[in-house]
Amino acid sequence: LIIWTPNNGLLNDDVVIIPLEKITALDRGKVSLDYERQRLREHKDRGLLEHIITHGLDAPIRVYKNTDETYEIIDGVRRYLVYEILNEDYPGEGWDKIPTIISDDGISGGQFDGIINDGDGGMVVQN
């Protein structure tokens, strides 16, 4: 379990901090990013936002590194959107960067259903 906020700096060796502007979140599912952003701002779906403010980020997002030194999210879009919202609402307080695990196994472009915890502290890619 990784708990990280801009103030406590708790990380492990696999996690790097990446500026939000280098990360791309693509609309891939049935719900648009704008809709998710709106729900996270509204009271009916503020749970994740409030949790991250209060307790920090429990798990980093997972990204794939593009050739142009940018990153594409493969897991954690909602966590990324929360950081975008917090960065807008609290500029200069460290929400402009997010803990990230960089995947170099070539999984990108929605080729999998998700990454889940395997129960033993590891992550499993669901194809």
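Test of understanding: what is the full-extension gain from Asp68 to Ile102, defined as 0.36 nm times their sequence separation minus their Cα-Cα distance?
Stretched fully, the Asp68-Ile102 segment lengthens by 10.8 nm.
For Tyr83, Tyr64, Tyr71, Tyr35, give me the order by solvent-accessible area with a 1.4 Å probe, most accessible first, ignoring ligands, DNA and RNA.
Result of the area sort, largest leading: Tyr35, Tyr64, Tyr71, Tyr83.
Provide the gained length on full extension for the span Leu48 to Ile17, in nm with one decimal, where the gain is 0.36 nm per separating residue minus the Cα-Cα distance.
9.2 nm
The values are calculated or read from the model by the stated rules, or taken from the named source; none is laboratory data. Given the structure is predicted, the values throughout are model-derived calculations rather than measurements. Note: areas computed on protein heavy atoms with side chains; ligands, DNA, RNA excluded. Shrake-Rupley method; radii C 1.70, N 1.55, O 1.52, S 1.80 Å.
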